[in-house]
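These notes are about the structure you will find just below.
The values are calculated or read from the model by the stated rules, or taken from the named source; none is laboratory data. Since the model is a prediction, treat every value here as computed from it, not as a measurement. Note that we place each Cβ from the backbone using ideal geometry, even for glycine, and neighbour counts take in every protein chain shown. Side chains included, ligands, DNA and RNA excluded: accessible areas come from the protein's heavy atoms. Shrake-Rupley method; radii C 1.70, N 1.55, O 1.52, S 1.80 Å.
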Amino acid sequence: MFASRPGVETASAGLAPDAEEQCSAELVEWADIIFVMERAHRARLHRRFRAHLRRARVICLDIPDDYAFMQPELVALLEKKVGPYI
(Lines give C-alpha, C1' and ligand atoms only; values in the text may rest on other atoms or scores of the structure.)
Protein backbone atom coordinates (compact mmCIF):
# COMPACT_ATOMS: atom_id res chain seq x y z
CA MET A 1 0.00 0.00 0.00
CA PHE A 2 3.03 2.32 0.39
CA ALA A 3 4.97 1.08 -2.64
CA SER A 4 3.88 4.00 -4.81
CA ARG A 5 5.46 6.60 -2.54
CA PRO A 6 8.59 8.18 -4.00
CA GLY A 7 11.81 6.83 -2.54
CA VAL A 8 10.09 3.98 -0.72
CA GLU A 9 10.75 0.30 -1.44
CA THR A 10 8.44 -2.13 0.29
CA ALA A 11 8.04 -5.83 0.88
CA SER A 12 5.44 -7.69 2.85
CA ALA A 13 5.94 -10.98 4.65
CA GLY A 14 4.38 -12.88 7.49
CA LEU A 15 5.64 -14.85 10.45
CA ALA A 16 2.80 -17.37 10.58
CA PRO A 17 3.45 -20.81 9.07
CA ASP A 18 0.59 -20.29 6.60
CA ALA A 19 1.71 -16.81 5.45
CA GLU A 20 1.58 -16.42 1.68
CA GLU A 21 5.03 -14.79 1.72
CA GLN A 22 7.26 -16.02 4.57
CA CYS A 23 9.58 -13.64 6.36
CA SER A 24 13.23 -14.59 5.80
CA ALA A 25 16.64 -13.65 7.15
CA GLU A 26 17.46 -12.06 3.80
CA LEU A 27 14.36 -9.88 3.92
CA VAL A 28 15.08 -8.81 7.50
CA GLU A 29 18.65 -7.88 6.58
CA TRP A 30 17.40 -5.89 3.56
CA ALA A 31 14.97 -3.76 5.59
CA ASP A 32 15.67 -0.39 7.17
CA ILE A 33 12.34 -0.39 9.04
CA ILE A 34 10.12 -3.35 9.86
CA PHE A 35 6.54 -2.70 10.91
CA VAL A 36 4.65 -5.30 12.92
CA MET A 37 1.02 -5.14 13.92
CA GLU A 38 1.22 -6.53 17.47
CA ARG A 39 3.76 -6.87 20.27
CA ALA A 40 3.54 -10.66 19.92
CA HIS A 41 4.69 -10.28 16.30
CA ARG A 42 7.67 -8.19 17.43
CA ALA A 43 8.63 -10.84 19.99
CA ARG A 44 8.34 -13.62 17.39
CA LEU A 45 10.44 -11.61 14.91
CA HIS A 46 13.16 -11.08 17.52
CA ARG A 47 13.14 -14.77 18.50
CA ARG A 48 13.46 -16.01 14.93
CA PHE A 49 15.73 -13.34 13.43
CA ARG A 50 17.67 -11.75 16.30
CA ALA A 51 21.03 -12.23 14.56
CA HIS A 52 19.70 -10.52 11.42
CA LEU A 53 18.11 -7.49 13.10
CA ARG A 54 21.28 -5.48 13.57
CA ARG A 55 20.33 -2.79 11.06
CA ALA A 56 16.54 -2.69 10.90
CA ARG A 57 14.39 -0.64 13.22
CA VAL A 58 11.35 -2.64 14.37
CA ILE A 59 8.22 -0.61 15.02
CA CYS A 60 5.12 -2.09 16.63
CA LEU A 61 1.97 -0.37 15.37
CA ASP A 62 -0.24 -1.77 18.16
CA ILE A 63 -2.97 -2.70 15.71
CA PRO A 64 -4.87 -5.93 16.47
CA ASP A 65 -4.23 -8.46 13.72
CA ASP A 66 -7.88 -9.24 13.18
CA TYR A 67 -8.70 -7.15 10.12
CA ALA A 68 -9.34 -8.52 6.65
CA PHE A 69 -6.78 -7.80 3.93
CA MET A 70 -7.09 -4.16 2.83
CA GLN A 71 -10.17 -3.60 5.02
CA PRO A 72 -10.84 0.16 4.87
CA GLU A 73 -10.49 0.59 8.64
CA LEU A 74 -7.13 -1.17 8.55
CA VAL A 75 -5.93 0.95 5.64
CA ALA A 76 -6.86 4.11 7.55
CA LEU A 77 -5.00 2.93 10.65
CA LEU A 78 -1.91 2.00 8.63
CA GLU A 79 -1.88 5.37 6.87
CA LYS A 80 -2.10 7.12 10.23
CA LYS A 81 0.53 5.03 12.02
CA VAL A 82 3.03 4.24 9.25
CA GLY A 83 2.79 7.53 7.36
CA PRO A 84 4.98 9.57 9.72
CA TYR A 85 7.84 7.06 9.37
CA ILE A 86 8.08 7.04 5.60
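A few comments on the model shown:
- Looking across region 23-41, the residues that are open to solvent by less than 80 Å² (accessible area, probe 1.4 Å) and within 12 Å of the chain's Cα centre (by Cα) come down to Cys23, Leu27, Val28, Ala31, Ile33, Ile34, Phe35, Val36, Met37, Glu38, His41.
- Region 63-86, subset of a type in the set (Val, Ile, Thr) and in contact (Cβ under 8 Å) with a residue 40 or more places away in the chain, residue nearest to Phe35 (Cα to Cα): Val82
- The set of residues in region 42-55 being part of a loop (DSSP other than H, G, I, E, B) and surrounded by 13 or more Cβ atoms within 10 Å (Cβ to Cβ) consists of Leu53 alone.
- Enumeration of residues in region 56-75 that are in a helix (DSSP H, G or I) and exposed (fewer than 11 other Cβ atoms within 10 Å of the Cβ): Pro72, Glu73
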